[in-house]
Amino acid sequence: MEIEGLAAWNRAPTEPPPSPWTFPEPSQHGPEDLVAVGGDLEPGTILSAYRHGLFPMNVSRRRLGWWSPIERAVIPIESFRPSRSLRRSCRRYRISVDQDFPTVIAACAEPQRPHGWITPGIIEAYRRLHDLGWAHSVEAWTESGELAGALYGLRVGGLFAGESMVHRHRDGSKVALVGLVGLLRASGASLLDVQWLTPHLVSLGAIGVGRGEYQRRLMAALPHPMR
């Protein structure tokens, strides 16, 4: 599968200033998905959170939460196999990486989407991480140049933490996922995190792993060189 824009994917990210906040270890937390509240959305803080197995999402309109689900959803990279119909859809679209990150994250944050959680603060934070080379988007385009579907997330070592997907044409976001898995295989990544297990993600091959198992996989993935 040919993917456009690999130079953006392959460039070395810039490490931001360290966070002033210290995150608790999820393994020492109780049986709740919410591990901490507060802090900020500076690049160094978000990267520190992911390196501890956490991700940000507001608890309420003004309260920032840091989450580590008891059951974490992951998509096994090596065993991922798109269906025959999805492989046909891949031939209909052009796939790119980082061709239009601002449009992708804005589309994922559209207020009419059910269970929307992407706030203006989140958008700004991940755009900054994109500028530093940590956050990436994968897009699927129609022949006429329309965005068919896309996803975005954070790449740290051998981890890709998927944040959100959007589709506007049939199988658009699924084709973007196929492209992402191809990128991760080629770069030797070992962990594709998709946060919470949902029926839609299960249909795409996601499985649930316990918090302890996720942390073990994370610690194995993080030292991997980003090539």
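The sole residue among Gly210, Gly153 that is touching a His at 6+ places or on another chain (Cβ under 8 Å) and modelled with pLDDT of 95 or more is Gly153. Here Ser60 passes the criteria (1) of a type in the set (Gly, Ala, Ser); (2) out of contact with any Lys or Arg (no Cβ under 8 Å at 6 or more places or on another chain); (3) within 21 Å of Val194 (Cβ to Cβ) except the one numbered (3).
Only residues that are more than 18 Å from Ile207 (Cα to Cα) and either surrounded by fewer than 22 Cβ atoms within 10 Å (Cβ to Cβ) or out of contact with any helix residue (DSSP H, G or I) (no Cβ under 6 Å at 6 or more places or on another chain) (or both) were counted in region 157-182, giving 10.
Determine whether Glu32 is modelled with pLDDT of 90 or more and closer than 30 Å to Gly179 by Cα. Criteria not met by Glu32. For region 198-207, what are the residues that are modelled with pLDDT of 95 or more and in a loop (DSSP other than H, G, I, E, B)? Passing the criteria: only Ala206.
Here is the figure for region 130-146: residues that are hydrophobic (A, V, I, L, M, F, W, C), surrounded by fewer than 21 Cβ atoms within 10 Å (Cβ to Cβ) and in contact with a strand residue (DSSP E or B) (Cβ under 7 Å, 6 or more places away or on another chain) total 0. Is at least one residue of region 181-198 more than 23 Å from Glu32 (Cβ to Cβ) and among the basic types (Lys, Arg)? Yes, the conditions are met somewhere in region 181-198. Among the helices (runs of 4 or more DSSP H) confined to region 48-141, the ones with at least 1 residues that are modelled with pLDDT of 95 or more and in contact with a helix residue (DSSP H, G or I) (Cβ under 6 Å, 6 or more places away or on another chain) are located at 101-108, 120-131. Report yes if Ser79 is hydroxyl-bearing (Ser, Thr, Tyr), surrounded by 17 or more Cβ atoms within 10 Å (Cβ to Cβ) and out of contact with any Pro (no Cβ under 7 Å at 6 or more places or on another chain), otherwise no. Spelling it out, it is not the case that Ser79 is hydroxyl-bearing (Ser, Thr, Tyr), surrounded by 17 or more Cβ atoms within 10 Å (Cβ to Cβ) and out of contact with any Pro (no Cβ under 7 Å at 6 or more places or on another chain). Over 19 Å from Leu222 (Cβ atoms) and either of a type in the set (Asp, Glu) or exposed (fewer than 13 other Cβ atoms within 10 Å of the Cβ) (or both): is that true of Gly30 in this structure? It is true that Gly30 is over 19 Å from Leu222 (Cβ atoms) and either of a type in the set (Asp, Glu) or exposed (fewer than 13 other Cβ atoms within 10 Å of the Cβ) (or both). Here is the figure for region 80-137: residues that are under 15 Å from the mean Cα position of the chain (by Cα) and either over 30 Å from Thr14 (Cβ atoms) or hydroxyl-bearing (Ser, Thr, Tyr) (or both) total 2.
What's the total number of residues in region 192-211 that are surrounded by 13 or more Cβ atoms within 10 Å (Cβ to Cβ), over 25 Å from Glu2 (Cβ atoms) and not β-branched (Val, Ile, Thr)? Final tally of qualifying residues: 8.
Taking the residues in region 142-184 that are in a helix (DSSP H, G or I) and among the β-branched types (Val, Ile, Thr) as candidates, determine which candidate is nearest to the chain's Cα centre (by Cα). Among them, the one singled out is Val181.
The values are calculated or read from the model by the stated rules, or taken from the named source; none is laboratory data. The structure displayed is predicted, hence computed values, not measured ones. Neighbour counts run over all protein chains shown; Cβ positions are idealised from the backbone, glycine included.
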